[in-house]
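Quick note: the coordinates plus some simple rules give every number you see, no bench work behind them. Just so it is clear, the model here is predicted, and its values are computed rather than measured. Reconstructed Cβ throughout: ideal geometry from the backbone, glycine too, with neighbour counts over all protein chains shown.
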Amino acid sequence: MQGDSTPTSSVNRVCSWMRQVDGDDVAYLASADTITEEAVAKALRACKPDKACGPNRLGNDWYRAYEERLVPLLTKLYRIWYQAQVFPQSFLTADIFCLKKSGDGANPLNYRPLALPTRY
């Protein structure tokens with residue numbers, strides 16, 4: 001799907017997989033009741049341990065270790081950011097590394113990018 005030669009039929013097929021969002025859905029998602037402490041805690045627990053960390057140098061293990069203190073704070077922040085439709089600049093930053101796939105290491109096409117964003 002990358003590049004200028006992507007046929008319109010392919011784009012339309014992929015777009016058909018996406019659920020349409022109407023005004024009522026947006027209002028529901030923006031309500032403070034949508035982002036719950038239970039949902040935030042569940043998301044933290046779903047993060048795999050022992051994974052590389054992003055620019056803030058805090059890995060999943062740190063977030064999981066301090067879950068009890070972080071969940072109420074993160075829930076409030078997520079609600080404020082979502083309702084204001086303003087998010088921290090750090091949401092747009094990541095450490096990017098090149099991982100070798102296979103083949104000749106001198107060929108740049110044999111690498112893929114790996115982005116490690118800030119977690120929170």
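Here's how it looks for D95: its modeled amide H is under 5 Å from those of L116, which are all 5 or more places away or on a different chain. Close amide H partners of C47, meaning residues 5 or more places away or on another chain with modelled amide H under 5 Å apart, do not exist here. Modelled this way, with points 7 Å down the Cα-to-C-beta line, the labels at A84 and T36 are 2.6 nm from one another. Under 23 Å of direct C-alpha separation, and excluding same-chain neighbours fewer than eight residues apart, K51 reaches these lysines: K42, K100, K101. This ranking places K101, K76 by how few other beta-carbon atoms lie within 10 Å of each, fewest first, which gives K101, K76. The translational diffusion coefficient of region 22-117, from Stokes-Einstein at 25 °C and 0.890 mPa s with a Kirkwood hydrodynamic radius over alpha carbon pairs, comes to 154 µm²/s.
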